[in-house]
Amino acid sequence: MKYDRCAVNGVFDLFHVGHVRLLKRAKEMFREVVATIDSDALTEQEKRRPIFSQEERLEIIRSCRYVDDAVIVDRSWGPHAYDEKAVNDFMDKYRIDALFIAADDMEYVKYWFGHLYRQGRVIVVPRTQGISTTQVIKIVNGDVVRP
């Protein structure tokens, strides 16, 4: 069965094969994929300063053939907003049936997407092993050698 629309959330900085595989899997299951890109402020607060600006990441992600729409989100608006009404409003506005994410840790899923998780609207798939933006940065910095 193919669902209608999903959101795929991420920073999508240093776009790599793990991102491509996630978006491709979402597109195989859903008719339309909406990429929700974490804002610069949210990324810097929760992870690190992004390499590319949110506008650049938006342009990059929109060029992917598996993405039908893309929008910048933060903790006030989007699938991981603090306010449950804001999450519901976001999902309604973009007609999103479910969130499709890659994660290996359910506590991570509950922290970021608790409201949707409690509604049963989160589909979790394993992350692509051996690749992440953090790993790419370490390789570029010479901190690790690519396996």
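The values are calculated or read from the model by the stated rules, or taken from the named source; none is laboratory data. Computed from a predicted structure; not experimentally measured. Positions of Cβ are generated from backbone atoms using ideal geometry, with glycine treated the same way; all protein chains shown enter the neighbour counts. The area values use the complete protein model at the heavy-atom level, side chains included, leaving out ligands, DNA and RNA. Shrake-Rupley method; radii C 1.70, N 1.55, O 1.52, S 1.80 Å.
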Looking for something touching a Lys or Arg at 6+ places or on another chain (Cβ under 9 Å), among the hydrophobic types (A, V, I, L, M, F, W, C), surrounded by 16 or more Cβ atoms within 10 Å (Cβ to Cβ) and touching a residue at least 12 places away in the same chain (Cβ under 8 Å) - is there at least one such residue anywhere in the range 39-57? yes
Residue check for Asp104: over 19 Å from Arg75 (Cα atoms) and out of contact with any strand residue (DSSP E or B) (no Cβ under 6 Å at 6 or more places or on another chain): yes
Go through the residues of the range 120-128 one by one and say whether even a single one is open to solvent by 60 Å² or more (accessible area, probe 1.4 Å), modelled with pLDDT under 90 and either assigned to a helix (DSSP H, G or I) or out of contact with any Asp or Glu (no Cβ under 6 Å at 6 or more places or on another chain) (or both). yes
Those residues of the range 75-101 which are within 16 Å of the chain's Cα centre (by Cα), open to solvent by 50 Å² or more (accessible area, probe 1.4 Å) and touching a residue at least 24 places away in the same chain (Cβ under 8 Å) amount to Asp97
Filtered residue count, the range 59-86, keeping only those that are closer than 22 Å to Arg31 by Cβ and modelled with pLDDT of 95 or more: 12
The listed residue being under 20 Å from Asp97 (Cβ atoms), surrounded by fewer than 16 Cβ atoms within 10 Å (Cβ to Cβ), out of contact with any Gly (no Cβ under 9 Å at 6 or more places or on another chain) and not charged (D, E, K, R), out of Tyr66, Tyr3: Tyr3
With respect to Arg25, determine if the residue is assigned to a helix (DSSP H, G or I), in contact (Cβ under 8 Å) with a residue 60 or more places away in the chain and either under 21 Å from Gly120 (Cα atoms) or among the hydroxyl-bearing types (Ser, Thr, Tyr) (or both). yes
